[in-house]
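Just below is one structure, and these are the notes that go with it.
Just so it is clear, none of the values below were taken in a lab; they were calculated from the coordinates. Since the structure is predicted, the reported quantities are computational estimates derived from the model, not experimental observations. Don't worry about glycine lacking a Cβ; one is built from the backbone with ideal geometry, like all the others, and counts go over all protein chains shown.
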Amino acid sequence: MIEQARRRQVCLALAGLALGHLVAPPLYAQTAQEAPAAPEGADAPVATNTADAADAALIARVDAQMTRILSAYPIPGASIAIAYQGRFVHQRGYGAAVTESNTIATAQTRFRIGSVSKAVTAVAVLKLFEKELSQALQSKVFGPDGLLPDADFPDFVPRKDPRVLHITLRDLLQHTAGWGGSDYDPQYDLVNIARTMNVPAPAPARAIIAFMLTRRALDAAPGTDVFYSNVNYTILGRIIERWSGVPYEQAVRDLVWQPAGVTDAVIGADKRSGRGAGEAVYYDDPRWPAVQEQDGSGNTGPQAYAGFHFQSMDATAGWVASALDLVRFAEAALGARMGQALLQPASVALMTRRNPAMPDNSNGLGWVATRMQGVEILSHSGALTSGSYAYLQAREDGWTWAVLFNRLPIPYPPEKGVAQLQAFQVAVQRGLMAAIIGRPDPVSVP
């Protein structure tokens, strides 16, 4: 249980460091002459990148910041993709996707995206209920007439805490359902849940939900407080399945990925042996110990390949995609600057709006919504201890970008490394954003 709490603390630290709350020097504009050369093995810029001086300067600034990050932290490889006003202006890999074979990372390399999966799940939910979205957001999730009705989910009763009957679809999307106020996270407790619910380990998503409903109380009444919780999105995945009539992975491909022009996003494999074509290998921070596998065998292995069961985490942290894929997704989710628009403008407005009843809640529907220097920004990060980190940002001034890493550099035990983790996030989120919007364009610099 101590190790579960420690991994939960990492999740909470990452979730709590929203972009607008990160402390960093003022945004800077660095000239191309000041930037060091891009790391060896990096992709060459696409042909259009070198067509004008502005793009060349942008590339130099971004490569300089990526070089700083990979020099400061022991991360084997990374990938970045940047679009401006619907056009890719930079895409590149850095370092190694697979160190043992000297396979370089490229812009096409796929990585685990962790909790960036929540933004994908949210868009799928909004699209599924779009014809009646305002009403659907207020719909109750559990109970005889809930989105997951008792008749279809008898294993969800009897409920330990009757307050769960008040949880709405919006509560799940905005992390106000009432779970998450403690160090307990069921995604790290699949063996115990399986034993309790009398199912084979690792416990599947439905058993996790049944366990949380029948064995554990809420930490707060629904709609009264904000607790970042993976359980919320595990439930959303089952809502997608129930209302689409197909498994979560297929539903999200049909609703989100394929219309956005993404054809190879998949739910990740637990073990390295199941790694997909073109996927990076994940390298735990060497300071972290081995953990017990989630299958109940008692075997141990590295966090990245023993600590997770992605079929149970599908909707909350399960997807594998490239940086290019994430940019295409965000562009399609927020409009039609690149490919097909996934949502109607009214739905986008609901997705990007904070809950007015909770001004301290920075969550839109599936995204962190912040405002910096007069610019509205949507973002989400995704970390899986201690083998990967992902970050996606979309700005109303036209910039959309994603960056992926195959290690999360955090000391062990993690409670002693929060400052280092924050410094890493500042370098990624604020540092790269500064390099990107330093492009000499009056629209992008307030």
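What to note about this one:
- Its relative contact order, with pairs defined as Cα atoms under 8 Å and 6+ residues apart, puts the chain at 24 percent.
- Computed extension length for Arg215-Asp52: 52.6 nm, one decimal, from 0.36 nm per residue of separation with the Cα-Cα distance subtracted.
- Against the chain, whose longest principal axis is taken from its Cα atoms, helix 323-334 shows a tilt of about 70°.
- Each principal axis of the Cα atoms in region 152-267 has its own extent, and those three values, largest first, are 42, 34, 28 angstrom.
- Residues Glu100, Glu396, Glu130, Glu293, sorted so that the one with the fewest Cβ neighbours within 10 Å comes first: Glu100, Glu396, Glu130, Glu293
- Note on the chain: Lys pairs 8 or more places apart or on different chains, Cα atoms under 30 Å apart, count 10.
- Going by neighbour counts of Cβ atoms within 10 Å, the residues Asp314, Asp254 line up, fewest first, as Asp254, Asp314.
- Computed P(r) (all Cα pairs; region 204-265; 10 Å bins; percent): 18, 39, 29, 13, 0
- Positive dipole terminus of region 295-419, leading residue within Gly374, Tyr389, Thr316 (C-beta point charges): Gly374
- Simple point charges give the picture: +1 on the Cβ of Lys and Arg, -1 on the Cβ of Asp and Glu, and for region 240-312 a dipole about the Cα centre of about 40 debye.
- With respect to the chain, whose longest principal axis is taken over its alpha-carbon atoms, helix 2-16 is tilted by about 60°.
- Cβ-placed point charges (K, R +1; D, E -1), dipole of region 308-434 about Cα centre in debye, nearest 20: 140
- Overall dimensions of region 97-180 as given by Cα atoms, namely Rg and Dmax in Å: 18.8, 56
- Residues Lys118, Lys160, Lys127 arranged by fewest to most Cβ contacts within 10 Å: Lys160, Lys127, Lys118
- Förster-model FRET efficiency, 30 Å R0, Ser101 and Ala336, C-beta, rounded to 0.05: 0.15
- Think of each Lys and Arg Cβ as +1 and each Asp and Glu Cβ as -1; about the Cα centre, that makes the dipole of the chain roughly 360 debye.
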